[in-house]
Amino acid sequence: MEFIYIVSIILFIVFAVGLTVYLVTSHKQMAQKLADMDQRQRDDAEKFRSTLDSGFATGRSEAAEQRKESQKVIQDVHEKLGAISKFKETVSTLNENVSGVRRVFENPKQRGLFGESQLKDIVTVALPDEMYAFEHSVKVEEDRSVKFDCFLKLPDPPGPLGIDSKFPAELYRHIVEAGTDDELRKARKNFGDNIKKLTSDIASKYIIPNVTSEFALMFVPSEAIFAEIYSELQDVVKISQDSRVYIVSPATLMASLNTIRSVVNTMKVQRAAEQVLVGLTSIADQAANLNERAEKFENSLKRASDRAHDIVVTSGKINKEVTKMKEGNTELISQPPSVEDALANGEQAKSS
């Protein structure tokens with residue numbers, strides 16, 4: 001019994017020790033787990049706080065950017081409102097200008113002044129001052145003169161060229177405003193008849209034999225009217241060209257004047273070259289004459305040199321005779337020595 005009792009006590013002690021070790025180990029593990037959990041909570045709390053701080057910073061930055069964008073949008077709206085206000089003012093001014101232009105085009109005299117002004121602007125830009133004149137009068141007979149809207153002073157050929165400005169805006173407006181095909185046909189017929197009359201008048205007035213070139217220009221200060229003429233009135237164009245009156249617009253007139261200026265400059269260069277050739281030919285002729293006279297002068301100098309030599313020889317002989325006379329040797333003068341004696345005397349003189 002005692003043995004069993006002792007074994008039970010030992011087993012109880014072993015169990016108690018084991019339980020104690022287990023409890024101590026479990027407590028340490030629990031403490032470590034609690035510490036780990038506490039650290040994780042702290043880390044999570046720090047991350048959460050950092051995330052909140054970052055979120056708040058980002059929110060503040062985005063709010064600032066949105067505020068800037070809102071201010072920019074508000075500023076853009078104010079600027080656009082100001083631009084709209086200026087645009088309204090511009091439109092109002094444009095309407096006034098359009099009304100003014102419309103009033104100009106409704107008045108035939110003012111239309112004519114507008115066309116002449118545009119013609120003047122184009123010519124003065126394209127040509128030098130000496131090549132044109134405006135409102136220029138040319139006397140064709142004793143009691144008659146012709147006044148040109150624009151008179152181009154071109155060399156012959158082709159000769160002086162007249163340009164007349166015409167602006168049939170009223171008849172063209174009837175074409176644009178025609179509501180039916182019949183109205184359009186009538187408007188175009190009236191417009192074509194008017195162009196025929198204008199070109200005929202220009203041909204009879206501006207093409208003057210032996211005074212101007214054989215053709216003239218009719219200036220239409222509108223590309224739209226010019227296009228209408230050349231696209232829809234081919235018969236009118238042919239009639240005007242047959243009468244040697246060519247219809248031009250601002251663009252085609254500028255191109256024509258630039259071509260004329262280039263041709264005139266080329267003609268000036270050619271004429272200058274011809275004058276240079278004439279001058280060189282004259283110089284060549286004069287050089288030939290000079291060479292001939294130099295040869296004659298050289299021959300004259302040669303003859304004079306020969307004569308001078310003869311004179312020197314004769315003078316030497318005279319001097320020699322005079323010297324002998326001074327020495328009193330008159331015999332030698334009256335009876336000149338022979339050639340042999342003279343040679344002998346010369347040898348003796350050399351030896352002495």
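The values are calculated or read from the model by the stated rules, or taken from the named source; none is laboratory data. In this text the structure is predicted, and so the values were computed from the model without any measurement. Cβ: placed from backbone, ideal geometry, glycine included. Neighbour counts: every protein chain shown.
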- Only residues in the range 206-225 that are farther than 16 Å from residue 117 by Cα count as the first member; pair them with residues that are surrounded by fewer than 18 Cβ atoms within 10 Å (Cβ to Cβ) and among the basic types (Lys, Arg), Cβ under 8 angstrom, at least 6 apart or cross-chain, and list the lot. 207/244; 214/244; 215/244; 216/244
- Note on the structure: The number of residues in the range 194-207 that are assigned to a loop (DSSP other than H, G, I, E, B) and surrounded by fewer than 17 Cβ atoms within 10 Å (Cβ to Cβ) is 0
- Matching residues, the range 211-236, being over 31 Å from the mean Cα position of the chain (by Cα), over 12 Å from residue 161 (Cα atoms) and surrounded by fewer than 18 Cβ atoms within 10 Å (Cβ to Cβ): 231, 232, 234, 235
- Item | Some residue of the range 155-165 being in a helix (DSSP H, G or I) and of a type in the set (Asp, Glu) | no
- Message: Against the definition (hydroxyl-bearing (Ser, Thr, Tyr) and in a loop (DSSP other than H, G, I, E, B)), how does residue 213 come out, yes or no?
- Response: yes
- Considering only residues of the range 136-152 that are out of contact with any Asp or Glu (no Cβ under 7 Å at 6 or more places or on another chain) and in contact (Cβ under 8 Å) with a residue 12 or more places away in the chain, which is nearest to residue 250 (Cα to Cα)? 150
- Message: Going residue by residue through the range 174-193, is there one that turns out to be assigned by TED's automatic domain parsing to the domain that holds residue 135, closer than 20 Å to residue 154 by Cα, outside any helix (DSSP H, G or I) and not hydroxyl-bearing (Ser, Thr, Tyr)?
- Response: no
